[in-house]
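Note sheet for the following structure.
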Amino acid sequence: MAPTVAIIGAGFGGLCMAIQLQRAGITSYTVFEKAGGVGGTWRDNTYPGAACDVPSSLYSYSFEARRDWTRRYPPQGEILAYLEECATRYGVRPHLRLNTEVTSAAYDEAAGRWRVTTSAGDEGLFDVVVSGVGQLNRPRLPDIPGMSSFGGTAFHSARWDHEHDLSGRRVAVIGNGSSAAQIIPRVALAAAHLDVYQRTPNWVVPKRNEMYGRGLRLAFRHLPLLQAADRERLYRFVETLVFPVLVGGWSKGLVTKRALGHLRQHVEDPELRAKLTPGYPIGCKRIVIDSDFYPALTRPDVDLVTDPITRIVPGGVETAGGTVREADTIVYATGFQTTDFLAPVEITGREGRGLHETWKDGAEAYLGVAVPHFPNLFLLYGPNTNLGHNSIILMIEAQVRYIMGCLPLLSARGPMEVHPATMDAWRRALDRAMARTVWEASCQSWYKNAAGRVTNNWPASTSTYRRIMRSPRPGAYTYG
């Protein structure tokens, strides 16, 4: 008898899990999605210029390659449309429970099943719970005094207010990461004046984002092997050139030189250029891939502000020294709560163990997918599976394949739970690999928790991860 499966979230991870269950003939699953549609981060982030910084040939499922991307780097709207098409094509929609937020999942030891509760108070029993909530789903607002006193319009970049016209406005964008780099050039074109508040500069490399011509799009559509070859070429390129940057390899100097050359090319003012030059190794924070960011900062109606913000006042932003810069609109491009995995869902395992309490010193999971004392709970895009150089879809597909391999084991042997000794060995191996990476350098990033531990990123190549995730090792788990 096929297990019943609860999937939390309908983004890339949750949909991939649902599709593979459907393809295997397992229809006893439910996808819980708190929003009104599928898409995850690509449904939420609709800010001007929203796009992926992974080439489009790498940004679709391997079993359902999209062949009509319009650009080298896919825009948000096309990615969302792709996910919606996948949900329909693979018959997932009848299994979706939209506008249904999971508030808790508790393991019933006597029944050997999970009790899943929603915000509406509904409950259901499931053999397996798969979290597909990801790492970039809960916007993070900064802790700045006076935010509630602001007299204008303020919103987070992931909750863009499309009814608010920026034309003629004085806008403040707080933050300068990947989302901000896409937003700033578009806001600068509309606003009367734009202040960009930067705490730490980022390494920026140019983005070749040419349109795909009709001929190439037709070739990709009718010659699938051509796009498959392009996908393989891009995969090997980033594994060979970009990944070594993150472990101090041969290409670190090359990419650093490229980034500094890009900065010199577009920013002639030595004072502004100094403000934009990072003082930490490239790759320690996520590298920004954008060609319009630097030119936007050189516009006469744009100011880069590096003085620390002391508070928000009704009429704008006050910086150190008491200077108030006027603003009628504030955009918080301040990222997400990336290290609070699965929050705010309350997960309770065996013996009443709470997952968030278990993770109080930092989230961790065996292979990024399983946690001791939480039988039949699996994570997609979990701790230490984020990438700084390649497509996360590669990781998600490896995880889904692994979980699909676990289903026959738990059906035959009973609830499966990763052995604590297995987790200990995995932690030691992960720590050894992480010590070689640039993320351990003394820079602040969303890859680290408050204690400075890297909880988000995978410290090796994607080919290594895909190899170890080919199939579960039965001896790594206990059963029953």
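The values are calculated or read from the model by the stated rules, or taken from the named source; none is laboratory data. In this text, all values refer to a predicted model and were calculated from it rather than measured experimentally. Here the Cβ is made from the backbone with ideal geometry for all residues, glycine too, and neighbour counts use every protein chain on show.
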(message) among the aliphatic types (A, V, I, L, M) and either surrounded by fewer than 18 Cβ atoms within 10 Å (Cβ to Cβ) or modelled with pLDDT under 95 (or both): which single residue out of LEU194, LEU216, LEU166 fits that description?
(response) LEU216
(request) Please tell me if ALA180 is under 22 Å from CYS52 (Cβ atoms) and in the same structural domain as VAL288 (by TED's automatic domain parsing). (result) yes
(request) With the checklist (1) surrounded by fewer than 16 Cβ atoms within 10 Å (Cβ to Cβ); (2) under 30 Å from GLY175 (Cα atoms); (3) not charged (D, E, K, R) in hand, flag the one item ALA421 doesn't pass. (result) (2)
(request) Only one of these is in contact (Cβ under 8 Å) with a residue 24 or more places away in the chain, in the same structural domain as PRO48 (by TED's automatic domain parsing), in contact with a Pro (Cβ under 9 Å, 6 or more places away or on another chain) and closer than 20 Å to ILE396 by Cα: TYR59, TYR90, TYR82. Name it. (result) TYR59
(request) Filter the stretch 339-370 down to the residues that are assigned to a loop (DSSP other than H, G, I, E, B), charged (D, E, K, R) and over 20 Å from TRP426 (Cα atoms), then identify the one that is farthest from the chain's Cα centre (by Cα). (result) ARG353
(message) Could you check the stretch 291-334 and list, in sequence order, the residues that are farther than 23 Å from PRO139 by Cβ, in contact with a Lys or Arg (Cβ under 9 Å, 6 or more places away or on another chain) and of a type in the set (Val, Ile, Thr)?
(response) THR306, THR319
(message) Taking the conditions exactly as written (in contact with a Pro (Cβ under 7 Å, 6 or more places away or on another chain) and either at pLDDT below 95 or buried (at least 21 other Cβ atoms within 10 Å of the Cβ) (or both)), does PRO383 satisfy them or not?
(response) no
(request) Taking ALA433 as the residue in question, decide whether it is touching a Cys at 6+ places or on another chain (Cβ under 8 Å), surrounded by fewer than 16 Cβ atoms within 10 Å (Cβ to Cβ) and in contact (Cβ under 8 Å) with a residue 12 or more places away in the chain. (result) no
(message) So LEU189 passes all but one of these: (1) of a type outside the set (Ser, Thr, Tyr); (2) outside any helix (DSSP H, G or I); (3) without any contact (Cβ under 8 Å) to a residue 12 or more places away in the chain. Which condition number does it fail?
(response) (2)
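Here's the yes/no breakdown for (1) in contact with a strand residue (DSSP E or B) (Cβ under 6 Å, 6 or more places away or on another chain); (2) more than 21 Å from SER463 (Cα to Cα); (3) among the aromatic types (Phe, Trp, Tyr):
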| residue | (1), (2), (3) |
| --- | --- |
| ARG199 | no, yes, no |
| LYS207 | yes, yes, no |
| ARG221 | no, yes, no |
| ARG231 | no, no, no |
| GLY248 | no, no, no |
(message) If I filter the stretch 179-189 for residues that are among the polar types (S, T, N, Q), within 22 Å of the chain's Cα centre (by Cα) and buried (at least 22 other Cβ atoms within 10 Å of the Cβ), do I get at least one hit?
(response) yes
(request) State all residues of the stretch 125-139 that are of a type outside the set (A, V, I, L, M, F, W, C) and surrounded by fewer than 17 Cβ atoms within 10 Å (Cβ to Cβ); if no residue qualifies, say none. (result) ARG138
(message) Being modelled with pLDDT under 95 and more than 29 Å from MET404 (Cβ to Cβ) narrows it down to one residue among GLY121, GLY146, GLY77; which is it?
(response) GLY121
(message) Contact list please: Cβ distance under 6 Å, first residue in the stretch 31-44 and within 15 Å of ARG97 (Cβ to Cβ), second residue in a loop (DSSP other than H, G, I, E, B), pairs at least six apart or on different chains.
(response) VAL31/ALA10; PHE32/THR100; GLU33/ALA10; GLU33/LEU98; LYS34/GLU101; GLY36/LEU98; GLY36/ASN99; VAL38/ALA10
(request) Kindly indicate which of ALA18, ALA35, ALA10 is in a loop (DSSP other than H, G, I, E, B) and in contact with a strand residue (DSSP E or B) (Cβ under 7 Å, 6 or more places away or on another chain). (result) ALA10
(message) Residue under question is LEU15, and the condition is that it be crowded, with 23+ Cβ neighbours inside 10 Å, outside the structural domain of TYR235 (by TED's automatic domain parsing), out of contact with any Asp or Glu (no Cβ under 7 Å at 6 or more places or on another chain) and farther than 26 Å from GLY388 by Cβ; does it hold?
(response) no
(message) Quick check on my filter: what residues within the stretch 21-30 are touching a strand residue (DSSP E or B) at 6+ places or on another chain (Cβ under 9 Å) and farther than 17 Å from VAL102 by Cα?
(response) LEU21, GLN22, ILE26, SER28
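Matching residues to (1) touching a His at 6+ places or on another chain (Cβ under 7 Å); (2) more than 30 Å from TYR73 (Cα to Cα):
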position	(1), (2)
LYS275	no, no
ALA296	no, no
VAL313	no, yes
VAL331	no, no
PHE336	no, no
PRO344	no, yes
GLY349	yes, yes
HIS356	no, yes
GLU364	no, yes
(request) Please state which of the following conditions ASP195 fails to meet, knowing it meets all the rest: (1) touching a Lys or Arg at 6+ places or on another chain (Cβ under 8 Å); (2) assigned to a helix (DSSP H, G or I); (3) among the charged types (D, E, K, R). (result) (2)
(request) Please work out if ARG89 is among the basic types (Lys, Arg), surrounded by 15 or more Cβ atoms within 10 Å (Cβ to Cβ) and modelled with pLDDT of 95 or more. (result) no
(request) Check GLY349, GLY368 and return the single one that is among the small types (Gly, Ala, Ser) and either at positive phi or not assigned by TED's automatic domain parsing to the domain that holds ARG113 (or both). (result) GLY368
